[in-house]
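Notes follow once the structure below has been shown.
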C-alpha cells in the first residue's frame, strides 16, 4: 500500500472523529441552553417520561428479579465455603446497589429506550417532519429533542433504583424462601453493611451519569442520521454500540474515583 495513501486515510479518519466530537459538543451545549425553556413545559416532559420510563419498566423489573435470583444462588454457594452464608443479604445488596443495578439497567435502557429515541427522531427526519417544523419557525430541538433528553435523565435513576430493589427481593426469595437462610440475618447484615453515602449515593450518581450519556448519544444519533431507512437503521445500531461501550467505560472510571479511597 502506498504510504501516502495510508497516511492520508489516517488523517481523514482523525479529521472525521474530531469533526464528529465538535458537532456532538455543539449539540450538547444547545441542549443545555434549552434546558430552562424545557423545564417550563412540564407536560411535554411528563409525556416523554411515560413513553421512556413506563414502557421500559417491565424489562427492568423482570431482568432485575432474575439477576437477584442468580445473585442469591451463586452468592450462597460462594459464601457457604467460608461459613458466611448469613452475609448473603449484604453481598446481594452491595452487588446491586454499587454495580449491577446502575450498569445493567443502563444497558437495558440503551437497548430499549435509546434505540426507540434514535429511531423516532430519525424517522421524523426521514419524513421531513423536522424540516417542516423549521419552516414553521419551530425549533425542533426545543420541541422534540430537549423534552426527551430531560425525561431520560429523570427516568434512568428511577429505573436503576427499581432494578436494585426488585433484585434484592429476588435474592431474598432464593436465599430465604428456597435455600433457608435466616431472614433476620439477611436483612440485619444488609442494614449494617450498606452505607447510604458511599454505596447508595454513589450508585445513584452512576445511574444519573449513565442516563445522561445514553440519552445524549441516542438523541444525537437520531438527529444527525442520514434521512433514509438505511441511515436510521445504522444510527440505531450505533446508538446501542456506542452507548454500551460508553456505559462500561464510565463505570470503570466512576468506580475508580468513588471506591478507590
### Residue check for residue 156: out of contact with any strand residue (DSSP E or B) (no Cβ under 8 Å at 6 or more places or on another chain), modelled with pLDDT under 90, assigned to a helix (DSSP H, G or I) and over 27 Å from residue 83 (Cβ atoms)
no
### Message
Exactly one condition in (1) closer than 19 Å to residue 117 by Cα; (2) modelled with pLDDT of 90 or more; (3) surrounded by fewer than 12 Cβ atoms within 10 Å (Cβ to Cβ) is false for residue 60; which is it?
### Response
(3)
### Query
Considering only residues of the stretch 27-57 that are within 21 Å of the chain's Cα centre (by Cα) and over 21 Å from residue 159 (Cα atoms), which is surrounded by the most Cβ atoms within 10 Å (Cβ to Cβ)?
31
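Results for (1) modelled with pLDDT of 90 or more; (2) surrounded by fewer than 23 Cβ atoms within 10 Å (Cβ to Cβ); (3) under 21 Å from residue 146 (Cβ atoms); (4) over 11 Å from the mean Cα position of the chain (by Cα), shown as yes or no for each residue.
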{"site": "209", "(1), (2), (3), (4)": "yes, yes, yes, no"}
{"site": "215", "(1), (2), (3), (4)": "yes, no, yes, no"}
{"site": "221", "(1), (2), (3), (4)": "yes, no, yes, yes"}
{"site": "234", "(1), (2), (3), (4)": "yes, yes, no, yes"}
{"site": "240", "(1), (2), (3), (4)": "yes, yes, no, no"}
### Query
Which of (1) free of Cβ contacts under 8 Å to residues at least 60 places away in the same chain; (2) under 13 Å from residue 60 (Cβ atoms) is the odd one out, the single condition residue 110 does not satisfy?
(1)
### Task
Pick out the one residue from 185, 165, 192, 160 that is surrounded by fewer than 24 Cβ atoms within 10 Å (Cβ to Cβ) and under 30 Å from residue 44 (Cα atoms).
165
### Query
Where in the stretch 1-88 are there helices (runs of 4 or more DSSP H), lying fully within it, with 1 or more residues that are over 30 Å from residue 174 (Cβ atoms)?
3-39, 42-52
### Query
Just checking, how many residues over the stretch 189-222 are in a helix (DSSP H, G or I) and free of Cβ contacts under 8 Å to residues at least 24 places away in the same chain?
4
### Message
For the stretch 223-232, give me each residue that is more than 17 Å from residue 32 (Cβ to Cβ) and surrounded by 15 or more Cβ atoms within 10 Å (Cβ to Cβ).
### Response
224, 225, 227, 231, 232
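The values are calculated or read from the model by the stated rules, or taken from the named source; none is laboratory data. Keep in mind that what you see is a predicted model, and the values were worked out from it rather than measured. Here Cβ is always computed from backbone atoms with ideal geometry, including for glycine, and neighbour counts include all displayed protein chains.
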